[in-house]
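Below is one structure, written out as structure tokens; the observations come after it.
The values are calculated or read from the model by the stated rules, or taken from the named source; none is laboratory data. Just so we're clear, the structure is a prediction, and the values are computed from it rather than from any experiment. Backbone-built Cβ (ideal geometry, glycine too); neighbour counts: all protein chains shown.
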Amino acid sequence: MPIDKIARDAGNVLKHRAVWGGSQNFLGARWVERVVDNVPAPARERVALRFLSLSPHYFYDRDLSAESSRNRQSREILADRLVMPHLAPGARVLDYGCGPGYLAAAVARTAAHVAAVDISRGVLACARALNDRRNITYQTPEEFRATGGSVDVAYSFAVVQHLRTDVLQQVLKLLAAAVRPGGTLLLHFAVAENGWRSEAEWVADGSLTGRAKLHYGLNCFGRSPAEMVDLATRSGFTDAAVSPLSGSITLPDDDIADQHLLTARRAPRPAGNELRLQNASVYTRSVIKPGGLSPMREDR
């Protein structure tokens, strides 16, 4: 490996470590939230953009204003094409892994309320600075869980590929508890092909760079459609279907359009002895679709 690449990777790891809050908690260091929240209002947006530029998942260009505009434009397209068709009037929505809040703000144009959830308090502070809306509540998973709120639609974009399977299972458990029976789940994910490595391949990578990226959450896991359907189904969702996004949506400088989307419904919550039968039958109702996106809105 070239020396300059090793030096660049090492520099990136050190930079991310300074603002890291552990695991996938980018910008989770406690001082980040305090700085963003307490900086004078006229400078708050600029400071938030600068912090976001330190993370590998949000901004890719040194022109922070251009990157902010690109994110806003791409998330409005995602909202219009992939989320809005599932929203009935008065819909309440959960955005898991909301990041800087660009997608939450786009969805909030139509939804009655968006619970925008992220594990990083620093990122949530940046989201409030950049995308604050009256009908958006930015909170951590623990804060959202404590509200006991229910939603009609839950979605997560550009998140699943960063989560180990055990963590993803916990996230799906939270989403299943939040989505009302008959409600909709939307999960964007990457398939383990075209350079996307599986979790097992990442774990087996013994190189210094590979171990550092895995430790600091700079990995990207690919998963098969069958694995994603199985995970969703075991978490209490039914009618799980996977569709490739390629050809159905175009985003500016964003690889989400080359990946996949899982849609599913929250299974009814049976009582007593019906629970075992329901869990057995839910597997027979899952399917992987070769292509095309179809809204799963419930008439009500």
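Would you confirm whether any residue within region 133-147 is assigned to a helix (DSSP H, G or I), of a type in the set (Val, Ile, Thr) and over 16 Å from the mean Cα position of the chain (by Cα)?
yes
When you go through LEU185, LEU163 one by one, which is the residue that is closer than 16 Å to HIS260 by Cβ, at pLDDT below 95 and not hydroxyl-bearing (Ser, Thr, Tyr)?
Exactly one of LEU185, LEU163 is closer than 16 Å to HIS260 by Cβ, at pLDDT below 95 and not hydroxyl-bearing (Ser, Thr, Tyr), namely LEU163.
Quick one: which of ALA158, ALA129, ALA176, ALA116 is assigned to a helix (DSSP H, G or I) and within 30 Å of ALA41 (Cβ to Cβ)? Walk me through it before giving the result.
Details: ALA158 fails: assigned to a helix (DSSP H, G or I); ALA176 fails: within 30 Å of ALA41 (Cβ to Cβ); ALA116 fails: assigned to a helix (DSSP H, G or I).
Selected residue: ALA129, the only one of ALA158, ALA129, ALA176, ALA116 that is assigned to a helix (DSSP H, G or I) and within 30 Å of ALA41 (Cβ to Cβ).
From (1) of a type outside the set (A, V, I, L, M); (2) more than 19 Å from the chain's Cα centre (by Cα); (3) outside any strand (DSSP E or B), pick out the condition that doesn't hold for GLY182.
Against the list (1) of a type outside the set (A, V, I, L, M); (2) more than 19 Å from the chain's Cα centre (by Cα); (3) outside any strand (DSSP E or B), GLY182 comes up short only on (3).
Out of ASP258, ASP230, ASP205, I need the residue that is under 24 Å from GLY183 (Cβ atoms) and either at pLDDT 65 or above or of a type outside the set (Val, Ile, Thr) (or both). Which one?
Result of the check over ASP258, ASP230, ASP205: ASP230.
So, of the residues in region 236-250 that are surrounded by fewer than 18 Cβ atoms within 10 Å (Cβ to Cβ) and more than 19 Å from the chain's Cα centre (by Cα), which turns out to be farthest from LEU187 (Cα to Cα)?
Among them, the one singled out is GLY247.
Under 9 Å between Cβ atoms, at least 6 apart or on separate chains: pull out the pairs that start in region 263-276 with a residue that is closer than 10 Å to VAL153 by Cα and in a strand (DSSP E or B) and end on any residue that is of a type in the set (Asp, Glu) and modelled with pLDDT under 70.
ARG265/GLU298
Scan region 84-121 residue by residue and report those that are within 11 Å of the chain's Cα centre (by Cα) and polar (S, T, N, Q).
none
Within the set of pairs 6+ apart or on separate chains, which have a first residue in region 213-231 that is over 19 Å from ALA267 (Cα atoms), a second that is at pLDDT 90 or above and among the aromatic types (Phe, Trp, Tyr), and C-beta atoms under 9 Å apart?
Note: pairs meeting the criteria are PHE221/PHE189; GLY222/PHE189; ARG223/PHE189; PRO225/PHE189.
What is the residue count in region 208-221 for residues that are within 27 Å of GLU142 (Cα to Cα), modelled with pLDDT of 80 or more and not in a strand (DSSP E or B)?
Qualifying residue count, region 208-221: 1.
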